[in-house]
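Here is the structure we will look at.
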Amino acid sequence: MARAHSNGERYLLDCRSLIDHTLDHYLKNNHQVTSLLHQAMCYSVLDGGKRFRPTLTLAVGKLFGAKRRVLLPFACAIELIHCYSLIHDDLPALDNDDLRRGKLSCHKRFGEAIALLAGDALLTEAFFIMSDPRVARLLGVPLISKLIREVSDAAGIRGMIGGQSTEIEVVKRKVTPAVLESLDRLKTGALIMTAARVGAIIGGAARKDFDRITRYAQALGLAFQITDDILDGHEVSSDKGIINYLSVAGSERAGERVRDLLHDCLREMQPYGRKAEPLREMARYVALRTAADTDEHGKGFRPVSSPDNSQRLKAVSHTRNP
């Protein structure tokens, strides 16, 4: 018998549906073009992805009373930035991956030139959405400027791009878990942290709350990348020369680190009581996810707080083929 969803789970599933609908609107209804470039953009964003980052923006914003209509443009912009990074990551010059979310990667489907331009276009489109004058009228120009600067900082050389560049160099020297955590906080963690902080900024969170959300999201982002490494464990011994947390720290230590990070996330949410349940649900999802939590299209964002999942943390260090 299927288990009924909790309120927190229903909220997260509702967020995902709303984000999918809004992304579809931004990429289809707002464009009167059917070029190959536009097809590549839609191909890489729609019909796939967990929508983890934009859901985080909505959940944090809700915690502090922000309205969805002002959160959604920034939530979707962050997702477009994430999708652009995946397109570029898959290119032969970087990870050289043929598949993404259970289908051909963008460059395999449309060619390297169009894929490169599609990534560029999605990044630019993200800032076009965030700078919409209609959004500025709702939030005010000073706040819009602050938010765009926050997102730019996370997406650029101080965050995601800086982490991607460091990853290219990191295989050339001795790697430790501390080195990898520093890298992961940039490449993966920066955009996740900013997704949460954007929700807090729009919600007008007090400084102590903003700092608490930042600590929660930092732990969440690191846990997200380590569990990714655990799930990708089969790639460590491949001829790609991949070095990740699992290969450097081992499965036992990787599992222990994820458990510690989950504890950190839950501790930071204690002051907010039941209102923070969606954020607890997201932390549990990250720490407890396995390959079974995603389908062949990479769409899985299955809530994980079922009665038997308390035992799954013990097994989080086991490698599963995605």
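The values are calculated or read from the model by the stated rules, or taken from the named source; none is laboratory data. On a predicted model such as this, the values are computed, not experimentally measured, just so you know. FYI the Cβ positions are ideal-geometry reconstructions off the backbone, even for glycines, and counts take in every protein chain you see. Surface areas here come from the heavy atoms of the whole protein model, side chains and all, with no ligands, DNA or RNA. Shrake-Rupley method; radii C 1.70, N 1.55, O 1.52, S 1.80 Å.
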Review point. If only one of HIS263, HIS297 is modelled with pLDDT of 95 or more and open to solvent by 20 Å² or more (accessible area, probe 1.4 Å), which one is it?
Key: HIS263
Exercise for review: Keeping to the stretch 152-185, report how many residues are open to solvent by 40 Å² or more (accessible area, probe 1.4 Å) and either closer than 17 Å to ALA77 by Cα or of a type in the set (Asp, Glu) (or both).
Suggested key: 5
Exercise for review: Tell me which of these ALA66 doesn't satisfy, since it passes every other one: (1) at pLDDT 95 or above; (2) open to solvent by less than 50 Å² (accessible area, probe 1.4 Å); (3) closer than 23 Å to GLY156 by Cα.
Suggested key: (3)
Point to revise | Residues of the stretch 1-12 satisfying the condition of being modelled with pLDDT of 70 or more and surrounded by 15 or more Cβ atoms within 10 Å (Cβ to Cβ) | key: GLU9, TYR11, LEU12
Check your understanding: In the stretch 136-151, is there at least one residue being open to solvent by 10 Å² or more (accessible area, probe 1.4 Å), within 27 Å of SER44 (Cα to Cα) and touching a residue at least 40 places away in the same chain (Cβ under 8 Å)?
Key -> yes
Exercise for review: Please work out which residue is surrounded by the most Cβ atoms within 10 Å (Cβ to Cβ), limiting yourself to the stretch 204-223 and to residues that are under 19 Å from ALA276 (Cα atoms) and among the hydrophobic types (A, V, I, L, M, F, W, C).
Suggested key: ALA217
Practice item. Restrict the check to the stretch 115-138 and report whether at least one residue is farther than 23 Å from ASN29 by Cβ, in a helix (DSSP H, G or I) and not aliphatic (A, V, I, L, M). Key: no
Practice item. Please tell me if LEU99 is closer than 19 Å to CYS83 by Cα and open to solvent by 50 Å² or more (accessible area, probe 1.4 Å). Key: yes
Check your understanding: Which of the residues belonging to the stretch 19-75 are basic (Lys, Arg), outside any helix (DSSP H, G or I) and within 26 Å of ALA287 (Cα to Cα)?
Key -> LYS50, ARG51
